[in-house]
Structures are given as structure tokens and as C-alpha cells.
Amino acid sequence: AQSVTQPDIHITVSEGASLELRCNYSYGATPYLFWYVQSPGQGLQLLLKYFSGDTLVQGIKGFEAEFKRSQSSFNLRKPSVHWSDAAEYFCAVQGDNAGNNRKLIWGLGTSLAVNP
Amino acid sequence: NAGVMQNPRHLVRRRGQEARLRCSPMKGHSHVYWYRQLPEEGLKFMVYLQKENIIDESGMPKERFSAEFPKEGPSILRIQQVVRGDSAAYFCASSPGQGAVSNTEAFFGQGTRLTVV
């Protein structure tokens, strides 16, 4: 069965420091992978996605992620964190690439706190 | 082009009442997905609908929950006889009917936060 693991429940970094959020997936076929961000009480904003091609994908707000098939990972990175990046981050895999079903299987999220 | 619209944004219901959550997909989208986000838990897929059809309801609780997406109008997620455990954020997403699943994603609404008192 498909699954997504985000090993870090909570991470705290200092403003200006680099960031890496981990995501591991379990999926039998070529995965379609996503990172979303959610601020408190808000909706879900897509940061970036991987469907195929270049394994290093660029997203909004200066985020990037690298797909590594050998490690079943899709880690999110940012070279310099801003205080406004404090939020909950979710990794997801598209659960069924047959037909037209785009349902997502989600990790439990990583809560990011940023120290001034 | 308006995004996915969900209403209400916040909904308070007493135990035993019915909750009706509405989702208007993006223009041109004919597929809708519902997800639930329980406190301290991640997001869980509930149901996938196309116009007038339920395609995948593998995540729907067996009782009290139902969803529809009529030919005209928004998709509705209905929860009958709500209990405190139904308190959660409910998100809707939509996707186009055409286009390869390998290069188009679903777009999310802002969610409805249901509180059962």
C-alpha cells in the first residue's frame, strides 16, 4: 500500500539558516510527489510537485525538492529560512496513477518554527 | 478564474445535527475530492466524485457520511447526526476531466472547519 513518512514531527531553525524537511514514500510505480504548506487556520498551498523529468524541482517561495528513487525520498530544502516560513509542511504522493484519480496519500506533516 | 470555493468557512453544529459542506470546483473542473484533517492527525482522503458519480469512496466512514456532486451546483459533503469526533477541517480539491494525470494536479479550497459542540 502507498504511504508517506515524514520522520520529523517538529523542527526549529533560526532565521537565515538552511532547512531540509524529510519525506519518504512507499509506492510501487513511478510516484507523483507534492509538498504543501499550511499556515495556522489556513488552507493548503502547493509549494512544488514532481511528475517526471529533472529530479530537482523548484517551487515557490525559494523552496526546492529532490526526488531520489534509490532512497524513496523527496526532501524539501530552502537555503535561507524566513520568519514567514513558520508553518506546517505536508508531503504527499498521488495514490493511484491509473485512470484519472488524483487522490493524495499524505504524510503526517512537519511543524516548522523559526527563531528570530 | 476563481479557485475552488468552499463554504461555509466555519460551521458550528450541536451533537445530533446535520452538517452540509459545499464545494464549488474551479471553472472547467468536473472532478472533486474531499479530505478530512483531524486534530493532531494528517489529511485523509475521503471520496472522489465526478459529475453525478462516486468514483472512489474508500476513505468515507461507513455511516452518517455521504457525498454528492450533481450535474448542476456544488459538491456536497453531508454528515448526519454529528458527534464531537467529527470536528475537523474538511478540504475539497478539484481537477479537470481532461489532461493526463501525470502532469496535472488537483487544486484545493480553503477548507471548512467544523466544530461540534
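Things to note:
- Other residues with beta-carbon under 15 Å from the beta-carbon of A:Gly59 carry, at +1 per Lys or Arg and -1 per Asp or Glu, a net charge of -2.
- Relative contact order, percent, chain A [alpha-carbon distance under 8 Å, six or more residues apart]: 36
- Accessible-area value, B:Glu41, 1.4 Å probe, nucleic acids and ligands omitted, Å²: 90
- For the range A:11-50, the equivalent ellipsoid derived from the alpha-carbon gyration tensor has semi-axes of 24, 16, 9 Å in decreasing order.
- Bridging of A:Lys49 to aspartates and glutamates at a Cα separation below 14 Å is possible for A:Glu64, A:Glu66, B:Glu105, once same-chain residues fewer than 8 apart are set aside.
- HN-Hα J in Hz across the range B:104-117 - Karplus 6.51, -1.76, 1.60, θ = phi - 60°, x for Gly and Pro: 9, 10, 8, 10, 9, x, 7, x, 10, 9, 9, 10, 9, 10
- Averaging 1/r over every pair of different alpha carbons in the range B:1-40 and inverting the result gives a Kirkwood radius of 12.4 Å.
- The shape of the protein assembly as shown can be summarised by an equivalent ellipsoid whose semi-axes, obtained from the alpha carbon gyration tensor, come to 29, 22, 16 Å from longest to shortest.
- Stokes-Einstein diffusion for chain A at 4 °C, viscosity 1.567 mPa s, with a Kirkwood radius from C-alpha pairs, works out to 90 µm²/s.
- Filter on A:Lys78/B:Lys44; A:Lys61/B:Lys44; B:Lys44/B:Lys71; A:Lys103/B:Lys27; B:Lys27/B:Lys62; A:Lys103/B:Lys51 - keep pairs with C-alpha separation over 24 Å: A:Lys78/B:Lys44; A:Lys61/B:Lys44; B:Lys44/B:Lys71; B:Lys27/B:Lys62
- Ranked from largest to smallest solvent-accessible area, with a 1.4 Å probe on the protein heavy atoms, B:Arg78, A:Arg69 come out as A:Arg69, B:Arg78.
- Percentage of interatomic Cα-Cα distances in chain B larger than 25 Å: 17
The values are calculated or read from the model by the stated rules, or taken from the named source; none is laboratory data. None of these values were measured; they are calculated from a predicted model. Counting neighbours? That spans all protein chains shown, and the Cβs are built from the backbone with ideal geometry, glycine included. What goes into the accessible areas is simple: the full protein's heavy atoms, side chains included, and nothing from ligands, DNA or RNA. Shrake-Rupley method; radii C 1.70, N 1.55, O 1.52, S 1.80 Å.
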